[in-house]
Amino acid sequence: MKTSVLVVGGGLAGTSAALFLAWRGVPVTLVEKHPGSSPHPRAVGFTARVEELLRAVGLADGLPPSRMVKGFGIRRVRVESLAGEWFEETFWSPPAELSEIEYSPCTGVGVAQDRMEPILRDKARELGADIRMSTRMLEFSQDDDGVTAIVQGDGEPYEIRADHLIAADGHRSPIREALGITRSGRGYMHTSRSVLFRAPLNEYLKDGIGQFIVDGVGFLTTYGDGRWVLMLEDREYDEPELRQQIVRAIGRDDLDIEIITTGRWTISAAVADQFAKGRVFLAGDAAHTLPPSRGGFGANVGIEDSHNLAWKLAAVLNGESRPSLLDTYDAERRPVALLCHQQIFARNDGHNRDGEPDDAPLIDNSAMHYGVLYRSDAVLGAGPELPPAQRPEQWNGQPGTRAPHVWIAPGKSTLDLFQRGWVLVADHPQWEEAAKQLGIRYERIEQLDVFGLSAKGASLVRPDGYIAWRSTDLPDDPAGTLETAFRTSSAGTP
Ligand SMILES: Cc1cc2nc3c(=O)[nH]c(=O)nc-3n(C[C@H](O)[C@H](O)[C@H](O)COP(=O)(O)OP(=O)(O)OC[C@H]3O[C@@H](n4cnc5c(N)ncnc54)[C@H](O)[C@@H]3O)c2cc1C
């Protein structure tokens with residue numbers, strides 16, 4: 001069979017790649033070797049930025065809000081037990097300077113990974129993605145024109161031919177290994193055991209505190225739906241001992257506790273040295289394995305990889321852009337993964353067990369979530385002198401950063417103007433005319449100051465909501481200037 005993009009791996013990165021591609025009308029097939037999601041969830045917190053991406057494809061309504069507290073992320077305390085004495089707060093992410101500025105129309109999502117994956121999968125299917133569960137990719141090869149993979153479901157192995165392959169096959173990524181792509185970073189850190197259980201403990205969740213370091217036991221947190229997970233040191237535990245550990249962590253033995261399942265996790269930190277080779281692109285943990293204990297970047301950054309890649313693949317496949325646009329995936333996303341790796345170790349994990357902290361300056365969550373800078377050929381005017389991340393008001397519409405949010409009508413954000421194609425934001429008839437000539441959608445907004453523009457300026461926004469270029473004032477030849485900027489940043493065919 002033939003498809004445009006074959007995605008291997010039906011975790012959060014792969015499923016969101018299928019979702020974003022299908023939403024852009026790209027024929028996509030996903031293969032996942034398991035029949036469904038793992039019964040033991042991992043991620044629970046999805047950032048407001050990820051919620052913005054879901055909102056754009058019509059998915060954010062009804063998702064439970066994140067437990068992150070503005071300026072803090074999720075709060076974490078050291079305790080004797082939930083019911084016992086509570087000691088100091090050890091910050092999961094650095095407390096940020098509280099700003100009055102509203103950065104996003106979204107606040108983040110608090111839903112466990114085993115619930116989120118089916119939500120993304122159902123929506124991807126609804127939009128036309130061909131999702132094949134219980135189907136394993138056995139081998140693949142690539143040539144100048146495409147990728148050939150052999151996959152197997154219930155029956156005999158068969159061939160899938162695709163223009164491009166997305167390897168979202170997890171941190172061990174057999175595809176990455178087969179391509180010979182090496183990784184850098186701290187590497188193996190530790191192995192943990194976990195027990196997932198259900199217990200009525202909501203009374204202990206207050207003031208945004210949702211993570212507990214329990215002295216002498218381990219790390220306790222909740223999926224926010226009655227399920228809790230206790231992370232323990234790596235050894236064998238039988239069921240009576242697991243119950244005993246749970247009771248110690250709670251500090252009470254009068255509650256009904258239902259043990260759901262157990263897990264064993266290898267925690268490591270590594271970033272692939274290349275995010276693409278030929279027609280194959282790495283996304284999610286295959287590209288970067290980021291420990292969850294200090295910042296919750298892993299799944300969120302993986303979903304953002306898929307989003308960055310989806311519009312570029314769509315543009316190249318439909319002939320709007322030259323294939324060189326795809327080179328900007330590595331140029332834009334690998335530095336973000338490396339920055340997350342650095343910031344994870346610049347933060348306190350509350351255990352001090354994984355080696356020396358990184359003494360890099362801490363970048364707060366608002367900057368990490370809304371303000372990473374892309375420097376690539378798809379951005380004009382993002383030089384090496386600029387910092388890797390800042391808060392949106394510090395960037396003030398800098399090309400290479402996410403276009404800022406501001407309400408333009410009740411319930412309507414500037415972000416709602418983007419995602420479908422290229423957009424020119426301005427408030428001047430000459431820019432309107434220039435955009436019309438090039439077939440670029442023109443959006444007139446009054447709040448040009450948040451884009452760092454004068455009343456005569458304009459910003460060109462890419463289909464992923466990032467600013468590609470801006471002219472702070474009106475040049476002599478707006479149409480010619482815009483055309484050059486558009487052709488360059490979109491790798492558009494002349
Ligand atoms: C305990 C824990 C807690 C975490 N908490 C958070 C958090 O709160 N926030 C956060 O952002 N991140 C968190 N993370 C990290 C997050 O879970 C991962 O970053 C994320 O799940 C990675 O998604 P993925 O799709 O890249 O990979 P995976 O979820 O590993 O998916 C890869 C998929 O590929 C499939 N596959 C592999 N090979 C093949 C093949 N040959 N054919 C077909 N299918 C194949 C696998 O079956 C698997 O389903 C946590 C991680 C852990 C361990």
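The values are calculated or read from the model by the stated rules, or taken from the named source; none is laboratory data. Quick caveat: nothing in here was measured; it's all calculated off a predicted structure. Don't worry about glycine lacking a Cβ; one is built from the backbone with ideal geometry, like all the others, and counts go over all protein chains shown. In case anyone asks, the SASA skips ligands and DNA or RNA and just uses the protein heavy atoms, side chains included. Shrake-Rupley method; radii C 1.70, N 1.55, O 1.52, S 1.80 Å.
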> Quick one: is A315 of a type outside the set (D, E) and more than 16 Å from the ligand (Cβ to nearest atom)?
Replying inline: yes
>> Looking at (1) charged (D, E, K, R); (2) over 27 Å from N348 (Cβ atoms); (3) part of a strand (DSSP E or B); (4) within 14 Å of the ligand (Cβ to nearest atom), which one does R193 not meet, given that it meets all the others?
In response: (2)
>> Just to be sure I understand the filter: pairs with C-beta atoms under 8 Å, separated by 6 or more residues or on different chains, first member in region 461-487 and more than 18 Å from D377 (Cβ to Cβ), second member surrounded by fewer than 21 Cβ atoms within 10 Å (Cβ to Cβ) and among the β-branched types (V, I, T). Which pairs pass?
In response: S471/T481; P475/T481
>> Between L12, L63, which is of a type outside the set (D, E), at pLDDT 95 or above and under 17 Å from the mean Cα position of the chain (by Cα)?
In response: L12
> Do we have any residue at all in region 200-208 that's touching a Ser or Thr at 6+ places or on another chain (Cβ under 9 Å) and within 15 Å of the ligand (Cβ to nearest atom)?
Replying inline: no
>> Can you find, within region 122-139, the residue that is farthest from the ligand (Cβ to nearest atom) among those that are open to solvent by 50 Å² or more (accessible area, probe 1.4 Å) and touching a helix residue (DSSP H, G or I) at 6+ places or on another chain (Cβ under 6 Å)?
In response: G128
> Which residue out of V31, V57 is in the same structural domain as M137 (by TED's automatic domain parsing) and within 9 Å of the ligand (Cβ to nearest atom)?
Replying inline: V31
>> If I go through region 286-305 residue by residue, how many of them are at pLDDT 90 or above and among the charged types (D, E, K, R)?
In response: 2
>> Can you find, within region 140-177, the residue that is least open to solvent (accessible area, probe 1.4 Å) among those that are near the ligand (Cβ under 10 Å from one of its atoms) and free of Cβ contacts under 8 Å to residues at least 12 places away in the same chain?
In response: P174
>> On the basis of being surrounded by fewer than 21 Cβ atoms within 10 Å (Cβ to Cβ), at pLDDT 95 or above and farther than 26 Å from T266 by Cβ, does V57 make the cut?
In response: yes
> For A83, are the conditions met, namely being assigned to a loop (DSSP other than H, G, I, E, B), at pLDDT below 95 and not assigned by TED's automatic domain parsing to the domain that holds S413?
Replying inline: no
>> If I ask for residues that are touching a helix residue (DSSP H, G or I) at 6+ places or on another chain (Cβ under 6 Å) and open to solvent by 10 Å² or more (accessible area, probe 1.4 Å), which ones from region 23-48 would you list?
In response: R24, V26, S37, R42, A43
> Just checking, how many residues over region 219-230 are farther than 15 Å from R115 by Cα and modelled with pLDDT under 95?
Replying inline: 2
> For E332, which of the numbered conditions (1) acidic (D, E); (2) at pLDDT below 90; (3) under 20 Å from the mean Cα position of the chain (by Cα) fails to hold?
Replying inline: (2)
> Can you name every residue in region 460-479 that is assigned to a helix (DSSP H, G or I) and crowded, with 18+ Cβ neighbours inside 10 Å?
Replying inline: P478
